[in-house]
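A quick write-up on the structure given underneath.
Only the coordinates and a few stated rules stand behind these numbers; no lab work does. What you see is a predicted model, and the numbers here were worked out from it, not measured in a lab. Don't worry about glycine lacking a Cβ; one is built from the backbone with ideal geometry, like all the others, and counts go over all protein chains shown.
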């Protein structure tokens, strides 16, 4: 084939690497390890920025540090030889998924008591494992207006309009306990105002 003679856009700039940010994160982790007596790995399920901010504001004696798990593992150490402090490398195996390091001077029992005050129910997000099985009984759904019928049908619900009222043709399984929630299932749970899934 002949070579294209069109003008080709050539970028003359270089993208800066994130090495300084990685070094800052490693330094911050090690600084907090030196300052605080205890380090916990906290896994957040269904996190909301507002809730995390509330925890940070009201629990001033703790530090909650998020970051890339691989970089955090480098800060703590991967093996016994490169561990920043004795046995600190053992935390690295728990750094999986959406988690953070929580630095505190409190005992585990005291910390759990403080964190339990922030436990609240929220709407589930896609990808979260369902904590309970949810069914919708067949028959009229008076809380939905007639204009919602196409939306419910698009979400996979077997609905029809009968004299301007949305009817569910048969009993409908929204989600089963232990299964991963899809975006459609989460949307239905929001529509029927089903709150569950705690912050942590």
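Between residue 37 and residue 170, the simple label model (points 7 Å from Cα in the Cβ direction) yields a spacing of 6.1 nm.
How large is Rg over Rh for the stretch 134-191, taking Rg from the Cα atoms and Rh as the Kirkwood inverse mean of 1/r across Cα pairs?
Details: Rg = 11.3 Å, Rh = 11.7 Å.
Radius of gyration relative to Kirkwood radius: 0.97.
Here the stretch 19-116 yields Rg over Rh of 0.95, to two decimals, using C-alpha coordinates and the Kirkwood radius.
Along Cα→Cβ, 7 Å out, is where each label goes; now give me the distance between the ones at residue 110 and residue 21 in nm to one decimal. It works out to 3.5 nm between the two label points.
Between residue 10 and residue 81, what FRET efficiency follows from the Cβ-Cβ distance if R0 is 45 Å, with the result rounded to 0.05?
Values: r = 46 Å, r/R0 = 1.02.
With a Förster radius of 45 Å, E is 0.45.
Return the single residue from 43, 72, 13 with maximal mean-square fluctuation; model: Gaussian network over the chain, springs between Cα atoms under 10 Å. Among 43, 72, 13, the largest mean-square fluctuation in the Gaussian network model of the chain belongs to 13.
Its residue count N fixes a reference of 2.2 N^0.38 Å for the chain, and the Cα radius of gyration divided by that reference is 1.50. Rank 62, 136, 26 by mean-square fluctuation in a GNM of the chain with C-alpha springs under 10 angstrom and give only the top-ranked residue. Its mean-square fluctuation being the largest, the pick is 136.
Could you grab the relative contact order for the stretch 78-200? Cα pairs under 8 Å, six or more apart, rounded to a whole percent.
Values: 154 pairs, mean separation 38.2, N = 123.
The normalised contact order for the stretch 78-200 reaches 31 percent.
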